[in-house]
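The values are calculated or read from the model by the stated rules, or taken from the named source; none is laboratory data. Note that the structure is predicted; figures quoted are calculated from it, not measured. Please note: Cβ atoms are built from the backbone with ideal geometry, for glycine as well, and neighbour counts cover all protein chains shown. These area figures cover heavy atoms from the full protein model, side chains too; ligands, DNA and RNA do not enter into them. Shrake-Rupley method; radii C 1.70, N 1.55, O 1.52, S 1.80 Å.
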Amino acid sequence: MGLQLTQNARVVLERRYLLRDTQGQIVETPEALFRRVAAFIAEGERKFGAAPKDVENLADEFYELMTTLAFLPNSPTLMNAGKASGQLSACFVLPVEDSLEGIFETLKHAALIHQSGGGTGFSFSRLRPHGDFLNHTSGVTSGPVSFMEVYNAATEAIKQGGTRRGANMGILRIDHPDIEAFIAIKNDLSRLTNFNISVAVTDAFMDAVKTDGNFDLIHPKTRKIVKQVSARALMSRIVACAWQTGEPGLIFIDRINAENVTPGVGAMEATNPCGEVPLLPYEACNLGSINLGRFVVTASDGQAHLDWEGFRKAIMLGVHFLENVIVQNTFPLKQIQEMVEGNRKIGLGLMGWADTLMALDIPYNSAEAIALAEDVMAFMCYHSKLASLALAKDRGRFPFFHQSVYAKGTWFFEKFAHDPAGGITAEQWRALDQAVAEYGLRHATTLCLAPTGTISIIAGASGGIEPLYSLVFKRHVLDGTELLEVHPGFEAALKAHGLYRDEILEQAGQEGTIKNMSQLPQRLRQVYVTAHDISPSWHVEMQAAFQRYSDNAVSKTINFPESATMEQISETYQLAFELGLKGITVYRNNSRQFQPMSLKTLTVDPSANDDSEIAKLELVDGRHCPDCRKPLAFIEGCHQCPDCQYSVCG
């Protein structure tokens, strides 16, 4: 069977991924793209003495893994593998030092990364607050927010390799004296349009919120207390802004550092733009995602179940693929190459989670789904570490291993043996520890849950671990034709019940949910839920289930109805903290000043050849921009991303 791509997938590949000649004409098929990527990544074997036939065989395995749409790497790998640029990583974190020279040196480095197709995360917490006296000039500092504006303007001027707009994460610690100005900056959607922002909250702050205590704001250079504020009042400011616009998000910085697997190398202070990869300064991470829906099979009795053995093989091969991405990568900076090759972090994740649950007849908002999430992630954790162990035996442990938590030989047993999941026993975790103590691991981290953006469209899968936004979309073609696009699982379920009718599809598309459609069986309405059918607490529970076995973090949006109160958002933040999340992003429906895209209607001009046409196909979930993952707003007749300037018109 040949490569099975949806129309959306083919158009996205044509617009952004396939090679073009000097006249801009496409000179590559999707099959040739995957062959190019597979061959280039497999070439990494030669650096370890592999025979030509072994390299060829591995390239065939990588090709099959991608063309069956069971796994795809992050976009820079698909775009750049085998090309002159050769930059294959998606995620970077850069330090911002408290000097004019340091600030602009980092800005130069960020520009090079954006040009190569990567996104950047920064903590601005080291910068002195606004109005601080400068001895050498007798002037005063302008503070972190002003320099974020400079970074934003620079990002605006750079288009990532002509295919992706730059994306940034800006972070400020909760104890920084300028935190109140930082919290409110995105209330004006015309500011920091190329940034997501998050507050790095500490355990001490969360405790002070709970006890209604005061909280110290501390000068980042002198470490002296600048002033005291009410912790609850400060949290209320965060909640009010998040209620209004969805930003800032929170990252739980102490938890991130408590689970930093290389504490001897340094402390974490920032994440990548979507928050799923906390990184040390100058680190990068190479990501790829398994399409779990491809591993749902139907037994002879008609019951669907996961093919765990096929899933295991995909995990092992996916880790090998991402290892070779590091081997074959051309890094934009020497400092990044040194850090990446020292820790060799990779992030294998999932897409198609909502598809999987529906195929297995499991409601997203159920204890059964939460339990399966833990089983799937524990299984991935264990087998990805076995794959990394095998590579360490052959190629050596990651160089900073002796500065990692793995060196003591008890990490996995102490962390996971008390609550076995995924069929992995306590003794298996203990045996893994013993083997790792002897041979090491090839990678400091192996897992993260990314949003998957455009690669989930290429794979024909639901994005990341998110629920679906809608089951039915309406597509208008410019010749006047109107077509309904139906989620294939929902379509099959309707046909199985003899209910596949236009009026049902129309109602499902208009309402964005089937929960109130009494003409449908109750079980169907329970299983085929959409994002706003699911309470915020279930969203948090799902994120927590995946976080427990991920050594990086989880990209997830906690959806709220438009009627949600600030108190409900505050309670959700506390629940996220208590359940062990590393970060949280909330979005209240219709909160971004204008009406976000809710009517699932897209106008498509097949002859168009610009970025707006890409967006029409990428944003079929009606919720997020494919790169910055922010909700669309309805502005001047178009559904637009206020942060990235993608638009869906018509």
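Listed conditions (1) in a loop (DSSP other than H, G, I, E, B); (2) farther than 26 Å from D533 by Cα are all met by A431, apart from (1).
Out of F413, F379, F398, one residue alone is within 30 Å of E45 (Cβ to Cβ) and either among the β-branched types (V, I, T) or assigned to a helix (DSSP H, G or I) (or both). It is F379. Would you confirm whether any residue within segment 130-144 is at pLDDT 95 or above and surrounded by fewer than 24 Cβ atoms within 10 Å (Cβ to Cβ)? No, segment 130-144 has no match at all. Among the helices (runs of 4 or more DSSP H) confined to segment 481-572, the ones with at least 3 residues that are open to solvent by 10 Å² or more (accessible area, probe 1.4 Å) and in contact with a helix residue (DSSP H, G or I) (Cβ under 9 Å, 6 or more places away or on another chain) are located at 488-496, 536-547.
If we keep just the residues of segment 54-84 that are in contact with a Leu (Cβ under 8 Å, 6 or more places away or on another chain) and open to solvent by 20 Å² or more (accessible area, probe 1.4 Å), which is nearest to A461 (Cα to Cα)? Filtering first and then ranking leaves T67. The criterion of being touching a strand residue (DSSP E or B) at 6+ places or on another chain (Cβ under 9 Å) and open to solvent by 30 Å² or more (accessible area, probe 1.4 Å) holds for I158. Of all residues in segment 191-225, those satisfying the criterion of being open to solvent by 30 Å² or more (accessible area, probe 1.4 Å), without any contact (Cβ under 8 Å) to a residue 60 or more places away in the chain and either in contact with a Phe, Trp or Tyr (Cβ under 7 Å, 6 or more places away or on another chain) or not in a loop (DSSP other than H, G, I, E, B) (or both) are D203, A204, D207, T211, N214, D216, I218, I225. Per the conditions (1) assigned to a helix (DSSP H, G or I); (2) within 21 Å of F311 (Cβ to Cβ); (3) at pLDDT below 95, the sole criterion not satisfied by M1 is (1). Filtered by the rule that a residue be touching a Cys at 6+ places or on another chain (Cβ under 7 Å) and open to solvent by 10 Å² or more (accessible area, probe 1.4 Å), segment 278-317 gives a lone residue, L287.
Of all residues in segment 257-272, those that are under 24 Å from G318 (Cβ atoms) and either polar (S, T, N, Q) or open to solvent by 10 Å² or more (accessible area, probe 1.4 Å) (or both) total 5.
So, in segment 180-190, of the ones that are in a loop (DSSP other than H, G, I, E, B) and of a type outside the set (G, A, S), which residue ends up least open to solvent (accessible area, probe 1.4 Å)? Restricting to residues being in a loop (DSSP other than H, G, I, E, B) and of a type outside the set (G, A, S), the top hit is L189.
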